Structure formats: structure tokens, C-alpha cells
Amino acid sequence: MKMGFVGLGNVGGKLAGSLLRNGFDLTVHDLNPDLMASFADRGAKTADCPATLMKTCDAVITCLPSPEACAAVVEAMLPHVDETKIWMEMSTTEVSEVKRLAALVAQMGGSAIECPVSGGCHRADTGNISIFAGCDRATFERMLPTLTTLGRRVLHTGDIGTASTLKVMTNYLATANLLTCCEALVTMKAAGIDMNTTYEAMKISSGTSFVHETESQVILNGSRDISFTMDLVKKDIGLFQGLAEEAGVPLEISPLLVRIFDDGIAKYGDRELSPNIIRRLEDATGLQVTAPGFPVILTDDEPEEAGYEVIPTGLTTPLWAD
């Protein structure tokens, strides 16, 4: 299968790298010519526009920073969509927008699959990231070999829209974890507890989380670099808050997270690294929360493994399988 990839940024570049590393016939496009050149140097082909990708490839993946960018790319590709083509959306985007674009692809005879990822850039780099896939079962099974190259754990979530909804939910949970980790670290620092010991106590206890075991490390290093910025967090938690409001759920914690990141963006800028939300508390207390021995950036120390479909707990076969 000839694969196209649009969007070679922090996440997209790593996902595309997994395809290239595993021998896929890959053509890429990005607005940054240096990123395209780096892929060309590693054996990928390049395209001058998204339309060319859809014309020459069997499936095209988009991984872009906003719903508006994704819409522009998909609409440019539509004239070349037919019954042999597949569009794969790997961004975190609005449910209504991914449904709208998928419907346009279907009107042209093509198939669509939304497949957002979760687990951090370091796992996207090794093909060990998790993937949610929303689409009909036939399309899922057709693209499963590609999905299990891009990620380790692949969950079929149901029809188009379900994967984006679940992805927004997981990003909300990750943001809540990040903010509680920040409060815990600063409070322990103020109480005179050693930061290395604090990290370990959190890690081996019931208070641990994926976010603590990853983002707390770069917080304590001082780099705060997870290749994710405050504006992207604000987008994601805003999408979750919008889902709750549309469903009539009177959330209490979610609006507070939105206000905290609004304040962080006002203080430090929308492109500030998201773990630096801890600066609000550091500035308020005059404390610097760092410790020796933690990495500047996260790397995945697990070997790349073959991916597989995840069967939801309590089921013996996928809910949507025939």
C-alpha cells in the first residue's frame, strides 16, 4: 500500500518515521521544506501539495495542529478521492468536523478512519504509542497492518467520531493529572521534602500516573520539554468542556482546568511548554522545583514491538466485529 503523510511536526514526523523505518512506500508533504528534505534523505518521496498525495497514494494520513488546517488539506484532496482511497486522520480534532470531512470523503466513494494517538511523542517515535480507531469494521481491518506499525495498542472504538471523543477525554484526564502533579511537587518542596524522594514516593504509590512517570521527570529536570504547548492543551480541554456542555453534564473540575491554562497562557504565552504551567506556583511561592538525575527530554526505553488490536475489558471479541 502506498502511504501519504501530511504534517511532519512533533508527533506527525515521528509517526511518519515509523512507517518509513518499517519499509512502507511513503510520500510526505509539509509546509516546512526542511522537514520534507529530512525525510527525502531517509528514502521517502515528497509531494508538492496534498492533492498530489491523494492522487498518487492509496491512503493519506493527516496529522495537523488544528481542525482548520485539516479541513483545508482534506478539501484540497477531495477531487482525487475515489472508492480505492482512504483518508486517515491522526490529529486531535473536533468530533463534528471529523464527521463532516469523513462524510465528504464518503460522498466521493472513499473511506475514512480517525485514529488519534495517545502516549507522548517519545512513544510515537518508537511505534509504541496507543491508537484509537473510529470507522466501520471493514476499513479498520483493512488498515490494521498500518495501524499496528504506527502504534503498539490499537483500539477500535466504533464509528467515525467515537475515537475523537475518547481522545479528547484522555487528554482532559492527562491535564488534570499534570496539574495535580504540579501542586503535589510544589507543596512537598515548600514542606521541605527532597524532590527526588518525592518523585519516587509518588511513583511507587497509589498516587502515581502515566503523567507523573513521564512529565514530572522533565519538570524536575527543568527543561519542561515534552514537545507540547499550552495552546494545544487549551484546545484539547476546551473540546472536552464543549462535549460536556453539549451533553448537559455540569462539570466542576473541567472549567477550573480551562481557567488555569487561560491564566498560564496570559502569563507565559500560548507557545510555552505545557509542563511549565507549574511556573504559576513557582512564581507565587518563590520556589524552584527541580532535582538532579532527571532527563532533559523523554525517550522510550522499551523496544519497538509488533502492534496488536486491544479487546475491551469484559469482551471476548471486539464489540464491532461481525
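Here the relative contact order of the chain, from alpha carbon pairs under 8 Å that lie six or more residues apart, stands at 16 percent. Of the beta bridges in the range 96-201, as assigned by DSSP with both residues counted there, near 40 percent are antiparallel. For the range 74-170, the Cα gyration tensor yields ellipsoid semi-axes of 22, 14, 12 Å (square root of five times each eigenvalue, largest first, whole Å). Ligands, DNA and RNA aside, Met188 has an accessible area near 70 Å² when probed at 1.4 Å. Distance from the Cα centroid of the range 254-272 to that of the range 41-89 is 33 Å (rounded to whole angstrom).
Charges were assigned to the Cβ only: +1 to each Lys and Arg, -1 to each Asp and Glu. The resulting dipole of the range 18-163 about its Cα centre is roughly 460 debye. At a 1.4 Å probe, what is the % contribution of carbon and sulfur to the accessible area of the chain? Ligands and nucleic acids excluded, carbon and sulfur give 55 percent.
Here is how the number arises for the chain: DSSP H runs of 4 or more residues each give -39500 (n - 2.57), the sum is divided by the residue count, and the result at 222 nm is -15500 deg cm²/dmol. Using alpha-carbon positions, what is the distance between the centroids of the range 299-321 and the range 131-158, in Å? Cα centroid of the range 299-321 versus Cα centroid of the range 131-158: 10 Å apart. For the range 208-265, averaging the sequence separation of C-alpha pairs within contact (under 8 Å, six or more residues apart) and dividing by the residue count gives a relative contact order of 32 percent. Could you state the angle between the C-alpha long axis of helix 137-150 and the longest principal axis of the C-alpha atoms of the chain, as a value from 0 to 90 degrees rounded to the nearest 10? Rounded to the nearest ten degrees, it is 60. For the pairs Lys14/Lys234; Lys55/Lys85; Lys14/Lys99; Lys2/Lys85, flag any whose C-alpha to C-alpha distance is greater than 18 Å. Checking Cα-Cα distances, Lys14/Lys234; Lys14/Lys99 exceed 18 Å. Reducing the range 194-234 and the range 104-123 to their Cα centroids gives an inter-centroid distance of 29 Å.
Of the residues Leu251, Leu319, Ala266, the one whose Cα sits farthest toward the positive end of the charge dipole of the range 236-322, with +1 on the Cβ of Lys and Arg and -1 on the Cβ of Asp and Glu, is Ala266. Computing Rg and the Kirkwood Rh from the Cα coordinates of the chain gives a ratio, Rg/Rh, of 0.98. Each Cα pair under 8 Å and six or more residues apart adds its sequence gap; the mean of these over the residue count of the range 9-149 is a relative contact order of 22 percent. Taking the longest Cα principal axis of the chain as reference, the axis of helix 210-221 is set at about 60 degrees. Relative to the longest principal axis of the Cα atoms of the chain, the long axis of helix 162-190 lies at roughly 20 degrees. Overall, the chain carries a charge dipole of about 160 debye about its Cα centre when +1 sits on the Cβ of Lys and Arg and -1 on the Cβ of Asp and Glu, all other atoms neutral. In the context of the full set of protein chains, residues of the range 30-122 present 42 Å² of accessible surface per residue (probe radius 1.4 Å, heavy atoms only).
The values are calculated or read from the model by the stated rules, or taken from the named source; none is laboratory data. Given the structure is predicted, the values throughout are model-derived calculations rather than measurements. Glycine also receives a Cβ, built like all others from the backbone with ideal geometry; neighbour counts cover every protein chain displayed. These accessible areas exclude ligands, DNA and RNA; they are computed on the full protein's heavy atoms, side chains included. Shrake-Rupley method; radii C 1.70, N 1.55, O 1.52, S 1.80 Å.
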